[in-house]
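Notes follow the structure.
Throughout, read-outs are computed from the coordinates displayed, never taken from laboratory work. For clarity, every value in this text was computed on a predicted model and none was experimentally measured. Here Cβ is always computed from backbone atoms with ideal geometry, including for glycine, and neighbour counts include all displayed protein chains.
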Amino acid sequence: MTTPNKQEQILQVHASLINMVVETIHNAQLKPQLSQVLKSSAENGWQNLVLRIYKILEGDRSEKLMQDLDEEDAVIIEAILLGIQNPNTLPDPKKAQSNPTMAAPGIAHMVNQASAGNTQALTLVSHMAEQMSHAGGDMTLLSAIIKKLIDGERDPEILSKGMGAQGEGLVNSILEELGKLQLH
């Protein structure tokens, strides 16, 4: 199995936000829900990204939106713009749930950053855990151990208790990625 490249990881980690923005453009009734997510994101250091998303919601589709963005923000804005033009290009929020090689590096990175005190990563991993809690099965169990991971728990038996083989595999992949991150 190959590890997804950085852009794919960014897309999977932010798939729900990217989809939510595009859905809101097509259905204005979703704007209050998106506004809450954007408000929280702005409060946690994503002001530049949030400003660009609001410009997109106001109808701006220009190349200027991409100027002066860091790599992560640029990937997100580009995915939103492509998704508006062609919804088939949108990342699948369920893909991270069904493919541990896609989810593990992103989850491990966010857990690592959150445990180092990065509030932006903590907010993102919290949103992701909330979404996973609604997915059922191993994803619900995984959402419940995110805080344990942030707090430093690394025992796979404790973390994967009650999970099926796929959930255990995902937990082991996350732990392996965390191990790599802590070596750097």
Karplus-derived 3J(HN,Hα) from phi for the stretch 103-116 (6.51 cos²θ - 1.76 cosθ + 1.60, θ = phi - 60°), whole Hz, x at Gly and Pro, runs 7, 4, x, x, 5, 4, 4, 5, 4, 4, 5, 5, 6, 8
Based on the mean of other beta carbon atoms within 10 Å per residue, what is the order of 105-118, 57-70, most packed first?
105-118, 57-70
So for the stretch 1-76, what percent of the C-alpha to C-alpha distances run longer than 19 Å?
37 percent
So, with points 7 Å from each Cα along the Cβ direction, the A165-A42 label distance in nm works out to 4.8 nm
Hey, got the dipole for the stretch 6-89? About the Cα centre, +1 on K and R Cβ, -1 on D and E Cβ, debye to the nearest 20?
300 debye
Nearest 10 degrees, 0 to 90: helix 165-183 Cα axis against the chain principal axis
80 degrees
I need the Debye-formula profile for the stretch 29-128: one equal scatterer per C-alpha, no solvent, reported as log10 I(q)/I(0) at q = 0.14, 0.18, 0.19, 0.20 1/Å, two decimals.
-0.62, -1.04, -1.15, -1.25
In degrees, nearest ten, helix 15-26 long axis to first principal axis of the chain (Cα):
30 degrees
0 to 90° range, to nearest 10: angle between helix 71-85 axis and the chain longest Cα axis:
60 degrees
Phi angles of the stretch 52-64, converted by Karplus (6.51 cos²θ - 1.76 cosθ + 1.60, θ = phi - 60°) into ³J(HN,Hα) in whole Hz with x for Gly and Pro, give 5, 5, 4, 5, 5, 4, 7, x, 6, 10, 6, 5, 4
Using the beta-carbon distance between A28 and N172 and R0 = 41 Å, what value does 1/(1 + (r/R0)^6) give for FRET efficiency, to the nearest 0.05?
0.40
Which number do you get for Rg(Cα) / (2.2 N^0.38 Å) in the stretch 131-184?
1.09
Using alpha carbon coordinates only, what is the Rg to Rh ratio of the stretch 95-183, with Rh defined as the Kirkwood radius?
0.92
